[in-house]
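Peer 1: Got a structure for you, questions after.
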Amino acid sequence: DHRALHRRVGLHLPLRRVGIALRSMWRASRAAVSAAPLPRRSAQGHRLARPHLVQRALACAAYTARPKASGADTARPVGAGGTGDGGDSSGSHFTARALAAGVAAVAAVSAGAASQCSAVGADAPARLEPQRFRRVSIVRTQKGTDERLRDLRPQQLGPDQSGGAQDASVFVCPSAQVGKPLLGFGGSFTESAADSLRRVGKAQWDEVMRAYFDPVRGLGYSIGRVHMGSCDFSLGNWTCGDLQEGDHELNKFSIDRYESSGILPMIKQATTLAGAPLQLLASPWSPPEWMKTTRKFHGDGHLLPSCRAVWALHYVKFIQEMARVGVPIWGVSVQNEPEAAQIWESCIYSAEEERDFIKGFLGPAFHKHGLQDKKILFWDHNRDGMLERAAITYADPEAAKYIWGMCWHWYGDARFETWPARHEVPFLDRQKNQAPIFELRAQAGFDNVRSVADLRPDKHLLFSEGCQELGGRSLDEILGDWKLGERYAMNILNDLNAGCEGFIDWNLCLDETGGPNHVGNTCSAPVICDGKAGRARYQPSFWYIGHFSRYIRPGARRVACSASRDALEVTAFLNPDGRLAVVVMNQSQQPERFWLKIGGHRTAPSSATLVDSPPRSILTLVADDSSGGSWLQSLQALLPTWLRSVFSAMPALEPWQRASQ
């Protein structure tokens with residue numbers, strides 16, 4: 001509509017001239033599209049913008065962004081001469097430069113967008129319908145108390161009685177649904193995790209599995225990761241069967257070790273508890289030695305070019321064999337940490353090597369064997385280098401068409417690790433007599449996740465590994481360390497707000513040494529299975545993860561939210577059932593009372609309630625359409641104060657809710 005365009009950009013030209021320009025660009029873009037037809041769908045099956053919409057968008061963009069016409073640089077619109085449209089060569093016409101740019105843009109879209117959804121007309125995730133929010137249920141975990149995912153008394157939402165936007169507040173806008181649906185939360189099924197569970201006996205094994213995967217009584221995990229072949233958290237180096245050098249058909253491929261080690265029993269029990277198949281990501285740490293340039297599991301060896309086809313077949317067989325025993329694999333990553341030469345299983349891929357392996361071998365192998373529904377992810381390394389890797393890999397449409405998305409790890413934060421490069425940024429504390437303070441910066445790279453999301457909004461993002469490395473310390477030194485729980489929440493909050501669609505922790509559990517690890521690379525885990533004491537010890541990281549996984553369910557959509565105080569770190573999701581889950585963490589040593597404000601529908605006013613955020617605490621606030629508490633809570637309200645306090649202090653706790661671990 002050239003009249004609307006005239007009004008919107010404030011052009012001071014006759015409407016007739018605007019129409020001439022738009023018609024001219026329309027003809028040029030139509031000719032370009034005819035020469036190189038636009039695909040209707042991307043390689044991933046996403047519907048692309050209709051050609052006429054692309055033409056219209058480009059016509060408007062080229063017209064409004066045109067350089068000011070002057071002299072010889074001014075060209076007559078295509079088809080304008082002799083058509084009765086007027087021969088005026090004033091500023092109403094496109095310049096040759098603008099016209100060429102518009103035609104080139106159409107050609108680029110038609111030639112290179114086969115693997116990328118167009119921003120115009122692309123399919124959007126289904127919009128969720130919010131409930132009419134009346135009540136907020138509060139769940140809290142706090143250091144120095146016995147609160148571990150403790151349900152507090154619900155509060156009613158009412159009119160916003162705050163002093164305005166300057167008051168301490170968390171504002172949530174449920175109508176602003178952004179990003180892709182959430183995949184879920186989960187952990188990794190390693191040989192070490194299975195071994196540590198075995199050492200505490202069947203009862204504790206069952207308790208830990210229920211604590212993780214029961215959607216009602218546990219954390220509600222729904223996704224996971226499994227190593228393809230051995231990793232450092234295995235009992236030694238091993239391959240999937242007796243894979244002999246030169247056997248490019250992998251005739252002796254086997255997953256028997258997954259059964260005997262306890263990995264498959266763990267996965268099957270988790271599936272039963274979850275009530276649905278888990279979305280499992282399979283990741284290799286190293287090909288068999290004979291497939292590598294160094295002929296060693298560890299170190300800086302690369303995959304031999306002559307073995308790329310047989311290595312791609314290895315992924316196929318792993319997926320097929322797992323399916324045969326009732327464990328569907330959702331997707332694979334190409335290589336765990338492809339730029340790290342470690343003392344444990346590792347394999348180096350440059351960005352070009354990983355890209356070309358996907359394009360020439362892994363993607364085609366999946367299609368050949370009917371596995372094109374399996375997701376292929378790349379990078380599987382730290383945030384610091386993920387944008388560069390993404391840009392190189394996605395630039396090749398023949399590789400990108402096979403790729404579902406990118407996954408990454410969190411390592412590189414000098415606040416928690418000894419090896420990253422660190423920088424101290426100095427400040428003076430104006431509120432404490434100019435006392436010198438500094439901010440520590442390293443290689444955490446939180447902003448890089450959003451950069452990759454901006455680079456390819458049609459692709460997907462998944463966090464695939466994080467843990468606390470011991471770095472030579474004894475596990476006893478960090479058992480119960482509250483900051484590790486906050487590290488988990490800080491990473492989850494930042495990544496979710498940047499577009500992450502799922503979170504997979506590293507080992508589900510480890511033993512009392514932080515292992516077993518066959519090269520001594522011991523770490524912590526949310527559950528420590530103390531074989532000497534015969535019990536499971538739940539760590540702060542377990543409770544902090546639970547504030548997300550128990551209340552933000554698969555299929556949830558992130559909604560816009562913000563906090564008016566930096567100490568309040570927040571994210572918010574609308575669940576498929578219409579309930580709103582808001583997670584608020586306070587890592588500071590000071591309490592903060594804030595208004596939870598939930599934006600109304602369209603022009604309706606916000607509703608609000610006042611919430612306390614104690615020091616070193618995390619809250620999950622669940623808003624729904626209930627008008628009051630449960631009948632039990634109503635009964636409690638009728639009791640005398642002293643009896644009510646006794647009653648509320650005796651809730652039925654799950655084993656993982658014990659403050660003393």
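Peer 1: Would you list the P(r) distribution for the stretch 137-270, with all Cα-Cα distances sorted into 5 Å bins from 0 and each bin expressed as a whole %?
Peer 2: 2, 7, 11, 13, 13, 13, 10, 8, 7, 5, 5, 3, 2, 1, 0
Peer 1: Rank 528, 503, 518 by how far each Cα sits towards the positive end of the charge dipole of the stretch 478-531 (+1 on Lys, Arg Cβ; -1 on Asp, Glu Cβ) and give me just the farthest.
Peer 2: 503
Peer 1: Let me ask another. Taking the alpha-carbon distance from residue 296 and a cut-off under 15 Å, which aspartates and glutamates remain once sequence neighbours fewer than 8 residues away in the same chain are dropped?
Peer 2: 232, 245, 345
Peer 1: Roughly how many whole Å is it from the C-alpha centroid of the stretch 436-462 to that of the stretch 477-529?
Peer 2: 19 Å
Peer 1: Under the rule of at least 5 residues apart or a separate chain, name every residue whose amide H is placed under 5 Å from the amide H of residue 592.
Peer 2: 613
Peer 1: Just how far, in whole angstrom, is the stretch 267-335 from the stretch 139-186 if you go by their alpha carbon centroids?
Peer 2: 39 Å
Peer 1: Excluding same-chain residues fewer than 8 positions from residue 375, which lysines have a Cα within less than 20 Å of its Cα?
Peer 2: 180, 317, 359, 401, 459
Peer 1: Please give the net charge around residue 575, taking every other residue with its beta carbon less than 10 angstrom from that of residue 575, where Lys and Arg add +1 and Asp and Glu add -1.
Peer 2: Counting the neighbours of residue 575, the net charge comes to +1.
Peer 1: Starting from one equal scatterer on each C-alpha and no solvent at all, send me the Debye-based log10 I(q)/I(0) for the stretch 508-581 at q = 0.20 Å⁻¹, two decimals.
Peer 2: Scattering profile of the stretch 508-581, log10 relative to I(0): -0.86.
Peer 1: Right, next: Peptides 484-490, 430-436, 369-375: what's the order by average Cβ count within 10 Å, highest mean first?
Peer 2: Packing proxy ranking, top to bottom: 484-490, 369-375, 430-436.
Peer 1: For residue 559, enumerate residues with amide H under 5 Å from its amide H, sequence gap 5+ or separate chain, H modeled in the peptide plane.
Peer 2: Sorted by chain and number, the residues that satisfy this are 178, 572, 573, 574.
Peer 1: Right, next: Based on the mean of other Cβ atoms within 10 Å per residue, sort peptides 257-263, 400-406 so the most packed one is first.
Peer 2: With the highest mean Cβ count within 10 Å placed first, the list reads 400-406, 257-263.
Peer 1: Also: Rounded, prolate or oblate, given the Cα gyration tensor of the stretch 248-315, with a/c below 1.5 counting as rounded?
Peer 2: Prolate, since a/c reaches 1.5 and a/b exceeds b/c.
Peer 1: Moving on. Put a dot 7 Å past each Cα toward the Cβ at residue 373 and residue 481; how far apart are the dots in nm?
Peer 2: 4.3 nm
Peer 1: Report the charge-dipole magnitude of the stretch 431-563 in Debye, nearest 20, computed about the Cα centre from +1 at each Lys and Arg Cβ and -1 at each Asp and Glu Cβ.
Peer 2: 420 debye
Peer 1: Specify whether the C-alpha gyration tensor of the stretch 369-445 places it in the rounded, prolate or oblate class, a ≥ b ≥ c being the square roots of the eigenvalues: rounded for a/c under 1.5, otherwise prolate if a/b is larger than b/c and oblate if not.
Peer 2: prolate
Peer 1: I would also like to ask the following. ³J(HN,Hα) across the stretch 326-335 via Karplus (A = 6.51, B = -1.76, C = 1.60, θ = phi - 60°), whole Hz, x for Gly/Pro?
Peer 2: With coefficients 6.51, -1.76 and 1.60, one gets x, 10, x, 8, 7, x, 9, 9, 5, 7 Hz.
Bear in mind these aren't lab numbers, they're just calculated from the coordinates by the rules spelled out. Note that the structure is predicted; figures quoted are calculated from it, not measured. Glycine also receives a Cβ, built like all others from the backbone with ideal geometry; neighbour counts cover every protein chain displayed.
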